[in-house]
1. Since B:G221 meets every condition but one in (1) closer than 30 Å to A:I284 by Cα; (2) away from every other protein chain (no Cβ under 12 Å), which condition does it not meet?
2. So, in segment A:339-386, exactly how many residues are hydroxyl-bearing (S, T, Y), touching a Lys or Arg at 6+ places or on another chain (Cβ under 9 Å) and closer than 20 Å to A:F401 by Cβ?
3. Given the conditions (1) farther than 20 Å from A:P127 by Cβ; (2) out of contact with any helix residue (DSSP H, G or I) (no Cβ under 7 Å at 6 or more places or on another chain), report the number of the one that A:H228 does not fulfil.
4. Residues that are over 26 Å from A:W283 (Cβ atoms) and either in contact with a Ser or Thr (Cβ under 9 Å, 6 or more places away or on another chain) or modelled with pLDDT under 95 (or both): find the helices (runs of 4 or more DSSP H) completely inside segment B:230-293 holding 2 or more of those.
5. So for segment A:410-423 (the condition being more than 14 Å from chain B (Cβ to nearest Cβ) and charged (D, E, K, R)), does at least one residue qualify?
6. Residue by residue through segment A:370-390, note down the ones that are more than 24 Å from the chain's Cα centre (by Cα) and either buried (at least 20 other Cβ atoms within 10 Å of the Cβ) or touching a residue at least 12 places away in the same chain (Cβ under 8 Å) (or both).
7. What pairs can you find where one residue is in segment A:104-120 and within 13 Å of chain B (Cβ to nearest Cβ), the other is assigned to a helix (DSSP H, G or I) and of a type in the set (F, W, Y), and their Cβ atoms are less than 7 Å apart, with a gap of 6+ or different chains?
8. If a residue has to be modelled with pLDDT under 95 and buried (at least 21 other Cβ atoms within 10 Å of the Cβ) to count, how many in segment A:154-171 make the cut?
Amino acid sequence: MRKKAFASVLSVALSIMLLAGCGNNAGSGSNSGSSNSGSSSGDSTAATATSAPTDAAEQSFEGEELSILVSAGWMDNRYDATIARFEETYGVTVDLQTIPADQYSDVLQTRLAGGTCSDIFWIQSNPFAIESVIVDYENYCIDFTGADWMSVIPEARLSSCMVGDTLYGLQLWHNSPEYIMVYNKTLFTELGITEVPTTYAELLADCGTIAAAGITPWFLPGADGWQHQLSFFQIGGVYEEATPGLYDSLNDNTATFAGNAKMLEVLNEFKELSDLGYFGEDWIGTSSTNMANEFGDRNVAMAMANSSYIQQLKEDTGTTDEFGLFLLPLGDNQNFPTNPAGPTMFGYKGTEHEDLVKAFFSFVCTTESLQEILDNSPSYTNIHVNDPDVVQHWLPEEEAFMASIDESKMLTPVLQTGTKFTNDYWMDFGADMIAFCQGTITAEDVLSNMDANRAISAAIQGDPAWN
Amino acid sequence: MKKNKIYPIWFIIAPLILYIVFFLTPSLLGVWYSFTDWNVRSKGIINFIGIDNYIQIFTSNIDYSSGILNTLKFTLISNIVKLIPALFLAILLKEKLKGKNFYRTIFYLPSILPFLVIGLIFKSILNFNDGLLNAAFEFLHLDFMKQKWLSDLGVVWKSIYGVDAWRGIGYVMTIFLAGLNAIPSSYYEAASIDGANFFHKLRYITLPMLTGAITINLVFGLTYGLKVFDIVYVLTNGGPGHATEVLTTYSYQLYANGAYGMATALNTILFLITTVLGVMIVTYMSKQEVRND
């Protein structure tokens, strides 16, 4: 009997010990949180922050940690100095969690669904993205409506940050032409190419000339998983031109990607360039990390990049070559890739540091921070914000290029921004393009897969046009 | 006597409750969810939709079937490329070899490295343009050996098997070594006197006596192979294109896209395959063991 009692006690004790390990420390966390948020008006560091709009002297976050979940390439080093000042001003630490681009979406969604998201998270936003990417935004996002920093965001970008009248996101991005063709003008001239290609036939011929000289015509980093599909989506204007009203039809589910002749034409042109080796011997296994060196060593002649990349290229490689810009002529496109969208940061509603998150958003929107972010962005020449005190650094090449484009060619936004649920399957479409280039699926499959994927998103979100 | 038999049950109760609450119940719930339309927008309203998710898996434009086949293929081949070399390595390192403990450690070391680290290192080593492996071939004037290790459809799976074997062989070898050490040396001595060569001893002594270790390795290898995710995810992320997608990478994508019902349906298929194959192997090997006894 005594043995039985002993065994019972031991079993209960064992259960308690095991269950203790499963318990969370929410209680202790909130205690420490409340002690941290207690007033400490004597914080001299906070008091000296002259440019921080938040009343840092009254708010102390001493010892707290702010975590930020971001995809590689969206913050890079350009926020480092601002984050360091923020840490110093508020006596906090910032934990920057940078995830490789090809894994970011999966990681973010898993962490949002699992309730373990960082205090601040980023998405590649557009007018549809908050609803289609974050989906349950009311549960996941802090409502910033009425925040002072809203006025910093230009009108064109607000639709990527708001749902209805509610402000959720902060988008600080540049306004340079995005992902157009950057080419080595000196090299082109040396090879006898005096005019930039404006049609696919001309591009093909120029690529042939460049390849014959032992140079990779077009550097395309397929291993990144997110770059090569830009060549399909950035020329949305050409699809709309070929089928007027296409964007609206795609958005009300009266048109599909599948069967679109212009899209098929572009995909087939892309494959032809791939088959001819004009993207390099192993573009599918190539990442963008070495792109600047490849340009600097004159191993490549052109690539899809932002116009301001020219500046970074010159700084990184010290090349004396001249560079220029032209519109991607797949499908004979001559439309400008208008895209008032970009990486956008959101506050996670489940955070224990909501005030600190708000302080961070306000902090990065000060003139000092905005200037700092721009000045520390070697690949960007401007930051698109409503702040006349920020000094922009536009390149002459950019200004000349922009001036050369007819305004009527700037009206249609890029395909991924202008149509619903398209950007959600960015990576899937990229994988399909590679599968198409490797001959395992057809161009028609690539397009119909996008339709099927969009339908899944639409069904999940209960879009009336699909249901 | 009877009391002694009941006594250990008191110690089983606690872990059993935990097992039921935290493992069995969620697993069964997962099976239930696979028959529902549970998704990121459900907000607590989940509808029973029968086998729709399963129908979609086998009729969808996304080739889930190839993901299932790839998973089975990986399970089979990765076990072959690990078990056979590991067995011979174990036999080799059981002999009186100088520095055998050092070799054992070296072979075992990769298995303690996280997949993420291994994936990142090998991704760099296997890079076509500036990876170490191709550079080594170039240095040795063996340019014909250069490959697009992670982007060529004909090579990519071999690269994955190679990296997986590099990591896993030491672990499998260690289990074989434990089994080999339990075989009395007198058996081999008697066989030698009877004129048995290496392969005779392997066929009639080593393999029958190693049935237990082989079963363990097979079951571990089977469950590992069927639920493979990290090595594929880190090395190729299912690419190039969808060439190396497996069940779990598809399931992960579905979960990430908010289609939880579909994701759990895929997991249920994986669960069924694992259970059927696992039971078959254990039953077969147990019979072998009894026969050898």
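1. (1)
2. Looking only at that region, the number is 3.
3. So the condition that A:H228 fails would be (2).
4. Those helices (runs of 4 or more DSSP H) span B:247-256, B:260-292.
5. Yes: segment A:410-423 contains one or more residues that are more than 14 Å from chain B (Cβ to nearest Cβ) and charged (D, E, K, R).
6. A:D389 - this is the single residue of segment A:370-390 that is more than 24 Å from the chain's Cα centre (by Cα) and either buried (at least 20 other Cβ atoms within 10 Å of the Cβ) or touching a residue at least 12 places away in the same chain (Cβ under 8 Å) (or both).
7. Hits for this filter: A:D106/B:Y252; A:T110/B:Y255; A:L112/A:Y140.
8. Looking only at that region, the number is 2.
The values are calculated or read from the model by the stated rules, or taken from the named source; none is laboratory data. Worth saying up front: this structure is predicted, and the values here are computed from it rather than measured. Cβ atoms come from the backbone with ideal geometry, glycine included; neighbour counts cover every protein chain shown.
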